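K.L.:
Pasting a structure here, questions to come.
What follows draws every value from the coordinates through simple rules; no lab data is involved. As the structure is a computational prediction, the values presented were derived from the model and not from experiment. All Cβ positions, even for glycine, are placed from backbone atoms using ideal geometry, and neighbour counts span all protein chains on display.
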């Protein structure tokens, strides 16, 4: 057993030291609330953490920080969260993407930060759809996705009123589903609007050193505001009297009480901590595999100058739990080197990341020897599927200069996040107001419904403001 918590009672206990949890804790501590953050893993960041192997540090989830806008832009999610947490923009060290692409058989759509290039690309590839596409953009601009009273709507059903082409519909959805949907083949329309704005209207940015720069900025603010953190110490049980949480029992044997608890563990995971049975969900939980190839040189020297490529090889786009161990029909390619870091700044080695949907049950059920051999086999297959959409990329040259490879699976995600089924985007059913069956227990993060790194932090801030600070 480690040292005891500094208090027996806190104004708030935050479960999870990811982006949402840290943001919630900082926001509360800024208003002199006593806050304890508990985290089962040994590293902060949650789904957007990092790890070290052979002297290298690797991002787990970060391809990009969405909602990138130039310094000085007003009324944006990124600006709002920086103000709410009093973090200077320069602390995030964000550089914008070079360019990205949505690649389907015979058709490409290209986009950069800001909307102009995507609109031009749609007009060139789908001239008969540009009027409907423009009306869709106007509809998205007028829609308030943060109204918790909104009816849950299928995005595919909404798009039918604007886009006639099934191919264009799939191409619009592909990057948005891959970067935030917990539902098979669709996404709630409020979440579609959030992702449209964050990816198509604003765009991608990245710190040169990756996600640890964002985590470091949050940890600095947490220390400055007096947030107490306990790492490698999750919650064993949330005790209740049937209507409120009465005590938080930690895995190290200590128990504390709190006026309010904010959980970023996920809705069904939090229910299990309360001794409840997780409610049935609307569809399977989705997970992914990702390969990381490290090589000597820069991607542009091997013919790759784009930042992120969303690809689909099938006649139609299927975003669903695959029957096979990995779905090779579609995926995401990321070159972290290809951001506008500046002439004098660059990653020392080349990085090539490929992400695809995966079957959790398959990877979970393997013995250790088979697990290792299957990772090697699927690594090769994933590279072959991805490089088919990089016609100018010298993959043979990269292989000759390869220094290191790694691959994580749904089994890895479950181990380090405790998300059921290794689900990256949580439950298909979101709780937009953050409330639970217990009057002092609230959800933030993935299952509250905000998306991406910026969205996760805003979720933590919003739930802290609404359910703790506004409540006195």
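K.L.:
Quick check on the stretch 50-118: take the gyration tensor over C-alpha atoms, sort the square-rooted eigenvalues as a ≥ b ≥ c, and tell me if it's rounded (a/c under 1.5), prolate or oblate.
P.N.:
Oblate.
K.L.:
Something else: Can you sort 3, 384, 459, 95 from fewest to most other Cβ atoms within 10 Å of each residue's own Cβ? Please report the intermediate quantities before stating the final value.
P.N.:
Details: 3 8, 384 11, 459 29, 95 17.
Neighbour counts put them in this order, fewest first: 3, 384, 95, 459.
K.L.:
Okay, moving on. Counting only C-alpha contacts under 8 Å and six or more residues apart, can you give the relative contact order of the stretch 354-463 as a whole percent?
P.N.:
The value is 18 percent.
K.L.:
Hey, another quick one. Run the paramagnetic zone check for residue 185: 7 angstrom along Cα to Cβ, then residues of the stretch 296-338 with backbone nitrogen under 18 Å.
P.N.:
312-324, 327-331
K.L.:
Round to a whole angstrom and tell me the spacing of the C-alpha centers of the stretch 176-205 and the stretch 48-97.
P.N.:
About 18 Å separates the Cα centre of the stretch 176-205 from the one of the stretch 48-97.
K.L.:
So between residue 381 and residue 301, what do we pick up on full extension, going 0.36 nm a residue minus the alpha carbon distance?
P.N.:
Length gained, residue 381 through residue 301: 26.4 nm.
K.L.:
Say each of residue 400 and residue 73 gets a label point 7 Å from the Cα, pointing the same way as Cα to Cβ; how far apart are those two points in nm?
P.N.:
Result: 4.1 nm between the two label points.
K.L.:
Between the stretch 326-397 and the stretch 142-170, how far is it from one alpha carbon centroid to the other, in angstrom?
P.N.:
31
K.L.:
Okay, moving on. Under 1.5 on a/c is rounded, so check that first for the stretch 114-199, then, if it is not, pick prolate when a/b is larger than b/c and oblate when it is not; a ≥ b ≥ c are the square roots of the alpha carbon gyration tensor eigenvalues.
P.N.:
On the way: a/c = 1.64, a/b = 1.50, b/c = 1.09.
Note, shape of the stretch 114-199 comes out prolate.
K.L.:
In nanometres, what is the gap between the two model label sites at residue 241 and residue 142, each 7 Å from Cα along Cα-to-Cβ?
P.N.:
For residue 241 paired with residue 142, the spin-label model returns 5.0 nm.
K.L.:
Taking the Cα atoms of the chain, what is the range of coordinates along each of the three principal axes, in descending order and whole Å?
P.N.:
Each principal axis gives a Cα extent; for the chain these are 61, 51, 46 Å.
K.L.:
Could you give log10 I(q)/I(0) at q = 0.13 Å⁻¹ for the stretch 287-422, computed by the Debye formula over C-alpha point scatterers of equal weight, without solvent?
P.N.:
Those come out to -0.58, one per q.
K.L.:
For the pair residue 371 and residue 277, what calculated FRET efficiency results from E = 1/(1 + (r/R0)^6), where r is the Cβ-Cβ distance and R0 = 35 Å, to the nearest 0.05? List each step's numbers first, then the result.
P.N.:
Values: r = 30 Å, r/R0 = 0.85.
Efficiency at R0 = 35 Å is approximately 0.70.
K.L.:
Roughly speaking, what is the stretch gain from residue 415 to residue 89, that is 0.36 nm per residue apart minus the C-alpha to C-alpha distance, in nm to one decimal?
P.N.:
Contour length minus the Cα-Cα distance gives 114.1 nm.
K.L.:
Now for a separate question. As an exercise, use a Förster radius of 41 Å and the Cβ-Cβ distance of residue 324 and residue 153 to find the FRET efficiency, rounded to the nearest 0.05.
P.N.:
0.85
K.L.:
Before rounding to the nearest 500, sum -39500 (n - 2.57) across all DSSP H runs of length at least 4 in the chain and divide by the residue total; then give [θ] at 222 nm in deg cm²/dmol.
P.N.:
-9000 deg cm²/dmol
K.L.:
Each label point is 7 Å from the Cα along the Cα-to-Cβ direction; what then is the distance between the points at residue 31 and residue 220, in nm?
P.N.:
2.5
K.L.:
Remind me, relative contact order of the chain in percent, using alpha carbon pairs under 8 angstrom and six or more residues apart?
P.N.:
This gives 24 percent for the chain.
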